[in-house]
1. Please list 165-171, 106-112 highest first by mean number of surrounding beta-carbon atoms within 10 Å per residue.
2. Where Lys and Arg each count +1 and Asp and Glu each count -1, what net charge lies around E141 among other residues with Cβ under 15 Å from its Cβ?
3. Once phi is turned into ³J(HN,Hα) by the Karplus curve 6.51 cos²θ - 1.76 cosθ + 1.60 with θ = phi - 60°, what whole-Hz value does each residue of the stretch 71-83 show in order, with x for glycine and proline?
4. Going by average Cβ density within 10 Å per residue, which order do the peptides 462-472, 547-557 take, highest to lowest?
5. How much length would be gained if the chain were fully extended between L503 and E430, taking 0.36 nm per residue of separation minus their Cα-Cα distance, in nm to one decimal?
6. Which of the lysines could a cross-linker bridge to K561, judged by Cα under 28 Å and excluding same-chain residues fewer than eight apart?
7. Holding the Cα-Cα limit at 18 Å, pick out from K167/K238; K30/K114; K455/K478 the pairs that are longer than that.
8. Suppose the chain between T139 and E466 were pulled fully straight at 0.36 nm per residue; how much longer would it get relative to their current alpha carbon spacing?
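The values are calculated or read from the model by the stated rules, or taken from the named source; none is laboratory data. Everything numeric in this text was worked out from a predicted model, so none of it was measured. Here the Cβ positions follow ideal geometry from the backbone for every residue, glycine too, while neighbour counts run over all protein chains shown. The area values use the complete protein model at the heavy-atom level, side chains included, leaving out ligands, DNA and RNA. Shrake-Rupley method; radii C 1.70, N 1.55, O 1.52, S 1.80 Å.
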Amino acid sequence: MYVTGICLFLCSCQHGRVKIKSTAQQEEEKRKEREKKLKAFVSARDAVLKKRSAGEHDEEALQLTRQLLSSNPDFATLWNYRREVLLHLETLREKDEVQKLYESELHFIEACLKVNPKSYGCWHHRSWVNTRLPQPDWTRELGLCDRCLSLDERNFHCWDYRRVVVKESGVSVEQELQFTDRLIGSNFSNYSSWHYRSTLLPQLHPQPAPDPAPNTSPSPTASPQIHSHRVCEEQLLKEYELAHNAFFTDPNDQSAWFYYRWLLGRAEREEMISCVYVSREKRRVSVAFSKPVHAQSEGLMLVLDGQPQQVQWRSAHPRFRHSPVWLCDLPPGSVSDISNEHNLTVHWTEKHTHRDCALYTGEMSESWCRDSATDQELFRSELSVEKSSVLQAELQSCNQLLELEPQNKWCLLTIILLMRALDPLGHEKETLAHFQTLKEVDPMRSTYYSDLCSKFLIENTILKMEYAEVRVFSLSNKNLTTLCHLDQLLLVTHINLSSNQLLRLPPQFAMLQCLEVLEADDNAIESLEGLYHLPKLEEVSLRNNQICKLSDLESLASCTKLTRLDLRGNPVHKTANIESELNQLLPLVTALSL
């Protein structure tokens, strides 16, 4: 009796205990559940697609697509079909019923957004529905945007939709700017709000355009700053303070730093002809523009001594459809008469601008007319006394922050930009030191910093060259990793790029139409693609680089004046019969060093 009682107790305990399923059992049940849902989804999908193929646009189609989109709002085909159905039903109903139909659709979309707030299909469909509503409620839509952005302030789908709503509802730019004030005030890290603010400010506080002189047309030498898309100075100074407060509150948050960098940026340059160069010897005209253009479709016309010329424009390198430098050959004998002055005008009819150039009498073989980089404010804008003093104060503040946060990359980079805005040449030494620190504190982006440092060094050297009024460009032993602004070197005759870290001479190098001597020793150059049809190039020194194959030198064959070539210390010298091969490839080279 006693034993029996114990057995019964043990049995009852075992049966009363919750049985724990093994992991394998759980996974199998989940798999079966997924298969069941998938079969139901596929079956419903096939039914919908069959109805669409049959051209059926009825209430059942709306119901079927509703079921599918409620679980997967990113099925674009179903949204497309749903629009087809709605358009058909719209033709069958009165205006009041159409209003109810589309309002119901908006409620459905809102439910789908709860499943996926970043669904492309949902937001696009909602925008479409509001265009079909007889009486859209934009206030409601603005409220929806507010709710969605309060849940996820970086929902760029919602930001895009908000811009549509604002445009349609007539919300003022000033109200939207106040909206960004609220969001930024509650969270300095709201990058989307900072960005939206950058699109609103130029509309509300645009930088005024300069007043043109009476009875005059725009001059081709006028300042190339575009005043649209820029902010007036008074507001700009307030924005500096706003960003300043943000990054002093949280120095490591990148949002305000990016906005501040935008504030320090400059307007896009005006589309203009920045230089015209004429070579009597080569009968060639080179035209430089302020930005890459497609001259063959831009209405470029050449007039010589009052007569329009039939010329063929080509870019400096065949790889470029759009280029800042374009070339053409003058008709034979058109400028050979040295006893007469020749006047040449390049008209850019598309932009209603032109540039004149005169080839004077005598033995002068070339002439040019250009704006210098300093005239164009190419690398920095002239600052008013007020703005300069504010930027100087900002620089001091950032230096104070750097003392507290010596490894803050955003602060370091901003200090560099401020220095360049104030005085790029005067702050060059400090800028280089800050770049070195940046590479140490942020090694992952060291290549970016090296390229940016190279860009700034090239800009500074162009300014120094123009202040000295010479045509020699020297940047040896500067750790350059990239080349830029090559269109600004159109008139340069001698370049020294030795002892850097260059890997190639890019196609843009072909814009150096006046280049006679190139020194590029002690780099790691593998490609000479940019040494292409340089009509004046006579001497090239490429000692101690990484030129490996004879084919790497083929572009030099297009430089018909090349007579001196130094290739010592390159792997190509190990190629069998290299000297005879080079003599065949470059028969005009009389001084070859291997």
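1. Taking the mean over residues of other Cβ atoms within 10 Å, the ranking is 106-112, 165-171.
2. Working: positive: R126, R132, R140, R147, R162, R163, K167; negative: E103, E105, E110, D137, D146, D160, E168, E176.
Net of charged neighbours comes to -1.
3. With coefficients 6.51, -1.76 and 1.60, one gets 9, 9, x, 9, 8, 4, 4, 5, 5, 4, 5, 4, 5 Hz.
4. Values: 462-472: 14.4, 547-557: 16.4.
Descending mean neighbour count gives 547-557, 462-472.
5. Stretched fully, the L503-E430 segment lengthens by 23.6 nm.
6. Those lysines meeting the cut-off are K282, K536, K549, K574.
7. Numbers: K167/K238 26 Å; K30/K114 24 Å; K455/K478 11 Å.
Over 18 Å apart, Cα to Cα: K167/K238; K30/K114.
8. Working: separation 327, 0.36 × 327 = 117.72 nm, distance 5.77 nm.
Separation in residues times 0.36 nm, less the Cα-Cα distance, equals 111.9 nm.
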